[in-house]
Each structure stands twice: as structure tokens, then as C-alpha cells.
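Novice: Quick one: structure below, then a few questions.
Just so it is clear, none of the values below were taken in a lab; they were calculated from the coordinates. Note that the coordinates shown come from a computational prediction; the quantities given were computed from them, not determined experimentally. Please note: Cβ atoms are built from the backbone with ideal geometry, for glycine as well, and neighbour counts cover all protein chains shown.
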Amino acid sequence: MQLQHYFDGKFQTFENENYVGVFNPANGQKLATVPMASKGVVNEAVAIAKEAQKKWALVPAPKRADYLFAIGQKMKEKKEHLAQVLTKEMGKVIEEGRGEVQEGIDMAFYMAGEGRRLFGETTPSELANKFAMSVRAPIGVVGLITPWNFPVAIATWKSFPAIVAGNTVVWKPATETPMMAYEMAKIFDEVGLPNGVANVVFGSGSDVGTSLIEHPDVKVISFTGSTATGRKVAELGGHHLKKVSLEMGGKNAVIVMDDADLDLAVEGVLWSAFGTAGQRCTACSRVIVHKDIKEELEKRLLEEMGKLSIGDGLDESIKIGPVINKAALYKINSYVEIGQQEGAKLLTGGKILKEPPYDQGYFYEPTLFTDVAPNARIAQEEIFGPVVSLITVSSLEEAIEVNNSVQYGLSSSIFTNDINKAFQAQRDLDTGIVYVNAGTTGAEIHLPFGGTKGTGNGHRDSGIAALDVYTEWKSIYIDYSGKLQRAQIDTE
Ligand code: NAD
């Protein structure tokens, strides 16, 4: 299959474009080829989106929302197909693929509801016979840059609030996972979304990403990806005075206190550490454990890790799929070597799976380290694979300090049956998301999603908070006194 860009309501190909392959990380099978757009193609797509936005902004928001309802409905009808494509190109197990598509469906219906809200405020004026209100105004063309680990959900978190608020979007998906973007383009087309409202341009971050950020008619950049790339996006975006929303890396921890339900804690750690083969921005990659239960937790984790099935995510019995590509596989392995050099104790795992049936894909053994120093590199840096570090502490205060000692601040979790500890933790854990008696993953779409410190720059995806990225507040004063009234001066 040869993918095509989608803009102006048409699937488009251009002469002399380079194509690269899209491969299934479970078995190396070539799934498609994808074009790499030039700056000229980006410029064309942005020009189309700019023209379309002038009309789209004038469509009443509840009518804009009708298209989102239709998109959500279409995604629902195609859910199984979308999940299969997702698992093939990204590798996550099919159950999680279905979950990710469901997240997109939920977002479509939730943001469609915003078409009848998009609330502003009315407030009294300090002057007589004067009316004051604030409304959300669309901004223009929004550039979306998304990562491969959630090829569809993240794009829906960004594009649906942007669209319902009256903006148009140009979306550059990750090169590793363009097929889901292509599937979404087909859905935009099938529901008759007006031409130019949602556009997809394939290509590299350095070419297409940079061209979007530099383009004077792209007013907002919404980026999700690594902190290193996010920093570059922010620097360039800052230079061009763009509104830039960044969702970046994580180094998330589960705290297990001595009074925790250990069965539940083990389940929570396994699901959040090894789900999506550890390639979630919210994945648990540290377990901060109270010294009194450390040995018991290690024992139970080892027992349960031994039962995890590894393989092609399309097989319903598999719990852990491949990692995205060879570079990721070797990066993960290099961190395991670093952990051993740093003196951490490797309890299990730590190897690339090279024998059949794993030899054509990119599979890594679920890996557990213990006795890891809180400041060790494997406890500080994002590994983005199925590797977990156990760190021992003596108190809740120490656990919180260790949790907060990393440069990231996305998600954290605590297992405890002591309500006082739970409340203290939710207050003091310096992350954008906190779970009590659940792992570090499992965000719901109607709450804000994002993190503190090196994870973000103060914006949020998802929830009503996302609307703040895609709208400007406009304050409107209507004076019906028939005379000039001067605020702060004509006060008597
Ligand atoms: P990445 O930073 O390599 O790439 C992300 C996107 O940026 C891709 O589309 C890529 O093509 C593009 N890009 C690369 N260089 C660019 C440049 N110079 N200018 C503009 N765009 C550029 O990240 P990835 O490997 O695709 O994704 C994994 C990372 O994403 C992890 O660090 C993970 O934690 C993070 N992530 C964060 C969240 C969150 O919400 N906080 C969610 C998912 C993933």
C-alpha cells in the first residue's frame, strides 16, 4: 500500500517525493510506503488550511460538533479494523490497540459536546449600562506533531478540541506510524468534513515538523514527543513567537507502602510497567518500595513476570508485544548494561530475544532491577522499554522525595491503605497525574493530561483544559450608556 497526503479534501501525491517503508515491528513485514513531504508541500497544505479556517470559524460550533459526532461514530464502526492496523504498525497488543481507538472515540464524543458549551464568562462591569463578557475565539491554523507510541489517541486529543473551537489543523504524524493517520484521513473524508479542515502531511520531523513551526500562518504548535525534541520545538517556536504546547517524556514511579494490598500493587506495577512494552509516556519505570516489604514484593513480581507472554500483539493471548524498532531495542539494552555497570542487581530479564519466533521482530525481555540508587542513570533517564528499577525507602517522605528527584513530572502512583498517606502523597507528588491504588497509566479523556517540570510547558492535552491551547480569550465590553465612560477614572 502506498500512502498519500490528505489535504484540501483530497488524497494527494507529488512527483519526485521520497518514500520510506512502514514495517510491522513484530515480524519485519513491510506494510506500506509513506511519502516524505517537502517544504513546498507543507506550504500548500497550510495555505489550504488557512483559507478553510476563515469559513470554518463562521460555522456555528454545534454544527462543527456534528462532524465530530460523525467521526466518533465512524471510528466506532471501524474500531476493530483500526485496532488491527494500529497493532500491526506500532506493535502494542490488540487489547490495548482497541483501548487506544476507544480513547479516540471517547474524545470525539466528548469534544463534540463542547460544541454546545465552549463556555465563556459574563461578569458585571464596574460602569453603569455596560455589559462585559469573555468568549473563546479560534486562533487559526494549528500544526500537530505526534509520536508513534499512541498513533491515534494523541492526535484526537489535539485535533478534536482544535476543530470544534473553529481552527483547522495540519497534522504530521510520526514516520514510524503513518497508517493510523491515513485511516483517520479516510474517516475525515468519509464523513464529509469540509475540505481543508483536517489535513495530514507525512514526513520527517526535521523537514515537515520544522516547516510547520517556521510557517508564519501556523499560529499554534501542539507537540507530543521526547523532551529532547520538545526543547528544539520550543526554541524554534519561541523564535517565531508561536503558541507552543509541549507534552514530553516521563520517568514515572509507583510507590508501594508497607500497608499496601500487595496483590493489587503487583498487578498495578505489571500493567503500568510492561503494558505497551513499557513504551507509554506514563509507563512505570521505577518502583519505590518500603523496606519492610521489599523482599516480598520482589518475590511476587518475579513470580508474575514469569507468566507474561511475549509475542505478536495480534495474538489475543500475548501480553507484551515488540518495541518499535531496532534503535529502541538497542537503546533499551544499553540502559540495562549501564544499570549493571552502576551496580544495580539484575533480578530477571535484560536480554534481546533473538531466537525464533522473535528473530524477525524487536522483542525485549521484561526486566527487573533491584537495589537501584535513586540517582542512578536507570532511575533518572527515560528508557522507554520494559525495564523497571526497584528503589528501597524507609518512609513516605523519602518515597515522595525520590519520586520528585527526576527531571520529569508526568505520572505517579501510591499503593497504601492509609488514607492519611494517600492524601499527603497526592498533595506532595510533583506530577501532573497522581493515582492512588492504581498504576501510573490509565488516564481518562475528560481530565487534563500532562506533566510538570521537563514533561511539559504548562499546557494540557485532553479535558476542557485542552481548549486553552486552541483558543484565545477575547474580552468584550458593550457600552449602552450613550456616553464615553472611562474605566478606573469615571468611578463616581
Ligand atoms: P520524538 O521526539 O522522537 O518524535 C515526536 C514527533 O516529533 C515525531 O512526529 C517526530 O517526527 C517529530 N520530530 C522529530 N524531530 C523534530 C524536529 N526537530 N522538529 C519538529 N518535529 C520533530 O518522540 P517519539 O520517539 O516519537 O515518542 C516517544 C516520546 O514521546 C517519549 O519521550 C514519550 O515519553 C513521549 N510521549 C509523551 C507523551 C505525553 O503526553 N507527555 C505522550 C506520548 C509520548
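Novice: With the contact rule set at Cα under 8 Å and sequence spacing of 6 or more, what percent relative contact order holds for the chain?
Specialist: Answer for the chain is 18 percent.
Novice: Further question: How large is the helix-only mean residue ellipticity at 222 nm for the chain, computed as the sum of -39500 (n - 2.57) over DSSP H runs with n ≥ 4, divided by its residue count, in deg cm²/dmol to the nearest 500?
Specialist: Taken over the chain, the calculation gives -11000 deg cm²/dmol.
Novice: Same structure, new question: Over the alpha-carbon set of region 241-292, work out the extent along each principal axis and list the three values in angstrom, largest first.
Specialist: 52, 21, 13
Novice: log₁₀ I(q)/I(0) of the chain at q = 0.05, 0.06, 0.11 Å⁻¹, via Debye over equal Cα point scatterers, no solvent, to two decimals?
Specialist: Log10 I(q)/I(0), no solvent term: -0.21, -0.29, -0.91.
Novice: Kindly work out what percent of the DSSP beta bridges joining two residues of the chain are antiparallel, to the nearest 5. Mind dumping the intermediate values first?
Specialist: Values: 32 of 73 bridges.
Just about 45 percent of them are antiparallel.
Novice: Sorted from fewest to most neighbouring beta carbons within 10 Å, what does the list Glu472, Glu298 look like?
Specialist: Going from sparsest to densest Cβ surroundings: Glu472, Glu298.
Novice: If packing is taken as the average number of other Cβ atoms within 10 Å across a peptide's residues, how do 168-177, 203-212, 280-289, 394-403 rank, most packed first?
Specialist: Going from most to least packed, we get 280-289, 168-177, 203-212, 394-403.
Novice: Same structure, new question: Would you mind checking Lys39/Lys474; Lys63/Lys219; Lys307/Lys351; Lys10/Lys63; Lys74/Lys172; Lys78/Lys158 for any pair whose Cα atoms are more than 28 angstrom apart?
Specialist: Lys39/Lys474
Novice: Here is a further query. Could you pull out the trypsin sites (Lys or Arg not before Pro) across region 407-492 that fall in loop regions by DSSP (anything but H, G, I, E, B) with no more than 11 other Cβ atoms inside 10 Å?
Specialist: Here the trypsin sites (Lys or Arg not before Pro) that fit, given the DSSP loop and packing criteria, are Lys483, Arg486.
Novice: Run the numbers on region 252-436 and let me know its relative contact order in percent, using alpha-carbon pairs under 8 Å that are six or more apart.
Specialist: Working: 353 pairs, mean separation 51.9, N = 185.
It comes to 28 percent, rounded to a whole number.
Novice: If you take the alpha carbon radius of gyration of region 248-375 and divide it by 2.2 N^0.38 Å, what ratio comes out, to two decimals?
Specialist: Details: Rg = 14.6 Å, N = 128, 2.2 N^0.38 = 13.9 Å.
Region 248-375 yields a ratio of 1.05.
Novice: Can you compute log10 of I(q)/I(0) for region 59-150 with the Debye formula, treating each Cα as one identical point scatterer, at q = 0.14, 0.20, 0.23 Å⁻¹?
Specialist: -0.69, -1.02, -1.13
Novice: Let me ask you something else. Beyond 29 Å between alpha-carbons counts as too far, so tell me which of Lys92/Lys331; Lys30/Lys243; Lys50/Lys232 fall in that bin.
Specialist: Numbers: Lys92/Lys331 19 Å; Lys30/Lys243 38 Å; Lys50/Lys232 25 Å.
Correct reply: Lys30/Lys243.
Novice: Go through 257-266, 315-324 and give me the packing order, highest mean Cβ count within 10 Å leading. Can you show the working numbers first?
Specialist: Details: 257-266: 18.0, 315-324: 19.9.
Descending packing order for the listed peptides: 315-324, 257-266.
Novice: Let me ask something additional. Which order do peptides 127-137, 372-382 fall in by mean Cβ count within 10 Å, highest first?
Specialist: 372-382, 127-137
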